[in-house]
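Encoded as structure tokens, the structure appears first; notes follow it.
The values are calculated or read from the model by the stated rules, or taken from the named source; none is laboratory data. From a predicted model like this one, the values you see are computed outputs, not experimental measurements. When we count neighbours, we look across all protein chains shown, and the Cβ atoms used for this are built from the backbone with ideal geometry, even at glycine.
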Amino acid sequence: MKPHIGISEKHLKNTSDLLAHVLANEMVLYVKTRKAHWNIKGESFMELHRLFEEHYKQLEESIDLVAERIGKLGQNTIGTLTEFTKHATLKESPGKYLPSKETIKELLKDHETLVVQLRNGIEESSEKNKDSGTADFLTYLMEEHETISWILRRYLN
């Protein structure tokens, strides 16, 4: 049954497509953060190991929330690695195992990329798709990525 929540079917589809891209990027970043957690080395090993664990757990929660938001809008949620790769703009780095500082830089760049994309998605959701609920939701996600970005940036100063 289609939702009747004051948003046209076209706008529900547009918003769900936007959220599929968000979901895919969250998933790619989750995997990259897990990889960092598993492979971090050096004098700050335990601190960064725990930090990356905290971050991937946050991402895991966000992934579930994005998937549920798509469902609330009456659409099917992508859920295969092929679909995530197809919809993601973030890229993995197979075979690359960077030193700690470079790993932090790469994760920071990805989080900041998502901040910009989410900021654009907020505007698109509220203005183009008339969906203030998704705009608020994306604002929450954006703030989460801003916080993680701030924390990662502190390691590079």
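Of the residues making up the stretch 27-55, those that are touching a Leu at 6+ places or on another chain (Cβ under 6 Å) and over 22 Å from residue 154 (Cβ atoms) number 1. Annotation: residue 38 fulfils all but one of (1) surrounded by 14 or more Cβ atoms within 10 Å (Cβ to Cβ); (2) modelled with pLDDT of 95 or more; the unmet one is (1).
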